[in-house]
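S.K.: Below you will find the structure I want to go over with you.
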């Protein structure tokens, strides 16, 4: 069974030459939208994804503009609107040490360095300087854990286990 990962959403066409506007959901746009790269378009009402090869990529305002091989005018790409561009797991690149994909972190159980279970990571926020993990704590309360070195001590993806040293007031 293939695992798919969102790269972006096609929100509109751009011009008449088959360009589409994409709201990107990837940390690696230069890699994902590289000329010749394959993306898969998932659309409502279609069972199978459409395989697309990137022909061109450029930035325009807050969008990534893409064209695809053999799609040369606006009429051909109009049906792509609202479609989700994805890559399969085999297209994920290797990350540096101590870097992780969101899907690897989501669902991990967080423990203090004293062995107390805090809860599971259910969401990752990216507000600025560092990511913030939203942990569903005991009693259903959300606990916000900053992904910073003084707090996060150990990440074991294979065991889905994370150990933290809570800062004062973090778990209150």
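The values are calculated or read from the model by the stated rules, or taken from the named source; none is laboratory data. As the structure is a computational prediction, the values presented were derived from the model and not from experiment. Here the Cβ positions follow ideal geometry from the backbone for every residue, glycine too, while neighbour counts run over all protein chains shown.
S.K.: When residues of region 111-123 are filtered for being under 21 Å from the mean Cα position of the chain (by Cα) and surrounded by 15 or more Cβ atoms within 10 Å (Cβ to Cβ), how many remain?
M.R.: The first filter runs over region 111-123 and keeps only residues under 21 Å from the mean Cα position of the chain (by Cα), leaving 120-123.
Now drop any that are not surrounded by 15 or more Cβ atoms within 10 Å (Cβ to Cβ), which leaves 120-121.
So the answer is 2.
S.K.: If the requirement is being in contact with a strand residue (DSSP E or B) (Cβ under 9 Å, 6 or more places away or on another chain), exposed (fewer than 14 other Cβ atoms within 10 Å of the Cβ) and over 19 Å from residue 5 (Cβ atoms), which of these qualifies: 73, 62?
M.R.: From the options 73, 62, the qualifying one is 62.
S.K.: Tell me which strands (runs of 3 or more DSSP E) are completely within region 80-172 and hold 3 or more residues being modelled with pLDDT under 80, or say none if there are none. First the steps, then the outcome.
M.R.: On the way: elements: 84-88, 109-112, 117-125, 132-137, 142-146, 152-156, 161-164.
Hits in region 80-172: none.
S.K.: Given the conditions (1) part of a helix (DSSP H, G or I); (2) buried (at least 16 other Cβ atoms within 10 Å of the Cβ); (3) within 22 Å of the chain's Cα centre (by Cα), report the number of the one that residue 5 does not fulfil.
M.R.: (1)
S.K.: Separate question: Being within 22 Å of residue 103 (Cβ to Cβ), in contact (Cβ under 8 Å) with a residue 12 or more places away in the chain and touching a helix residue (DSSP H, G or I) at 6+ places or on another chain (Cβ under 6 Å) narrows it down to one residue among 87, 7, 22; which is it?
M.R.: 7
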